[in-house]
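The values are calculated or read from the model by the stated rules, or taken from the named source; none is laboratory data. Since this is a predicted model, take the numbers as computed values, not measurements. Virtual Cβ from ideal backbone geometry, glycine too; neighbours counted across all protein chains shown.
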């Protein structure tokens, strides 16, 4: 269960500031992590972006490609701190110590990876970002430039507040499972951007916690009231939540029951599945398709581990991966057969598609093995391969932390390759890598040829490797009668 502090209605948070401040902590900036575009001063309590590069010594912890800095303190347990920002924009963030330092911004920038959580602050809007997923937040009406951060590491929450005239206004809360210490950090890329760690406030808070017995007695009534208030909301949080209502077993059934249904996010519950889940239903043309993958840009990184591919990630209405677990729950239904449709868009305005009958996935114990039947379409059968020996049909799913691709190693000319996920990027049903791989790195027009990691469908576009501009994978169900088609 999350900390009781976050079981309350955030409209009541103005009353909780003194409670949060019981967890006040002192922070100092770590010079060894600071990018050379950042000037640190006031004993590591302030940082400013400057045009003149600082003469910091080389250090493996230093950010090289982005203007960021971390604090010395790695935090677990519960902690609260406040900062004041100035300039056009800044990032107020936390990250694990192992966040990358020398990669491109989309691999080491705060909020762009699974290893950091960030609040982007500007004059006209705020946004919360984690692992390439961004949530826009209206700027607080107070126009305050002071941000309060509360980390409940054991409870798995990280909350940001706008601080104004002694009150807190909730901005956003991340929910996660933290397994490593988290280091506060800041990022900025413009003239006159700066961050001040509010040390005077922290010192005042710490001294307050050591007040006289008389003052403590005067707080007893308030503390008891606050505790009772929090516990009442905690008890409410324990009550069963209203069940999410399923709108059908899959998108095909929803379309059949409501022919005028439009494309969008629906809640489905396949037979035998206890918990309904959300999917995006494509209802146009022949309609009733359940989208399992969509790529249209680089906003969502697909370079993820097994757990992410199993459970799904991204935004349903944008780029996303539905999750191997959810696709298995759909296709294990023996009363139905499934058709897989792969849609491809190139950088020259062309489109193509591939259809596979009898699509299904095996269970996780069998690595979500891929099974497809007869192919039709105009994109070519890349799953079975552009040439013999690379048939991906019947192979298990591979990710950077779980290898099922059959390479031990794979030999390509004079290159020996131990696994395909490392070079191809993303997770896929690799077989000696193969011709199909739609979860690699996305590349923009003009820079989309020659990449080992890309959105590849080798039977359609040449020269290889050609990375698609956009892709979509979706499945549609039909009731099974007699079908003797071999699926491998």
Practice problem: State whether one or more residues within segment 337-356 are within 22 Å of residue 436 (Cα to Cα), surrounded by fewer than 17 Cβ atoms within 10 Å (Cβ to Cβ) and touching a helix residue (DSSP H, G or I) at 6+ places or on another chain (Cβ under 8 Å). | Solution: no
Picking from 251, 281, the residue that is touching a helix residue (DSSP H, G or I) at 6+ places or on another chain (Cβ under 6 Å), crowded, with 19+ Cβ neighbours inside 10 Å and under 28 Å from residue 469 (Cβ atoms) would be 281
Counted residues in segment 111-148 being touching a residue at least 60 places away in the same chain (Cβ under 8 Å), over 16 Å from the mean Cα position of the chain (by Cα) and buried (at least 21 other Cβ atoms within 10 Å of the Cβ) come to 2
Of the residues in segment 300-324, those that are in contact (Cβ under 8 Å) with a residue 40 or more places away in the chain and surrounded by fewer than 16 Cβ atoms within 10 Å (Cβ to Cβ) number 2
Selection from segment 280-310 of residues out of contact with any strand residue (DSSP E or B) (no Cβ under 7 Å at 6 or more places or on another chain) and modelled with pLDDT of 95 or more yields 310
**OP:** Could you please let me know if residue 68 is touching a helix residue (DSSP H, G or I) at 6+ places or on another chain (Cβ under 9 Å), closer than 21 Å to residue 117 by Cα and in the same structural domain as residue 190 (by the TED database)?
**Re:** yes
If you go through 72, 77, the only one that is in contact with a strand residue (DSSP E or B) (Cβ under 9 Å, 6 or more places away or on another chain), modelled with pLDDT of 90 or more and more than 17 Å from residue 160 (Cα to Cα) is 72
Here the residues within segment 430-450 that are at pLDDT below 90, under 19 Å from residue 293 (Cβ atoms) and surrounded by fewer than 20 Cβ atoms within 10 Å (Cβ to Cβ) are 441
Over segment 23-52, the set of residues closer than 24 Å to residue 153 by Cα and either under 30 Å from the mean Cα position of the chain (by Cα) or surrounded by fewer than 14 Cβ atoms within 10 Å (Cβ to Cβ) (or both) is 23, 24, 25, 26, 27, 28, 29, 30, 33
Here the residues within segment 254-268 that are touching a helix residue (DSSP H, G or I) at 6+ places or on another chain (Cβ under 9 Å) and assigned to a loop (DSSP other than H, G, I, E, B) are 261
(request) Inspect segment 53-60 for any residue being surrounded by 21 or more Cβ atoms within 10 Å (Cβ to Cβ) and in a loop (DSSP other than H, G, I, E, B) and give the result as yes or no. (result) no
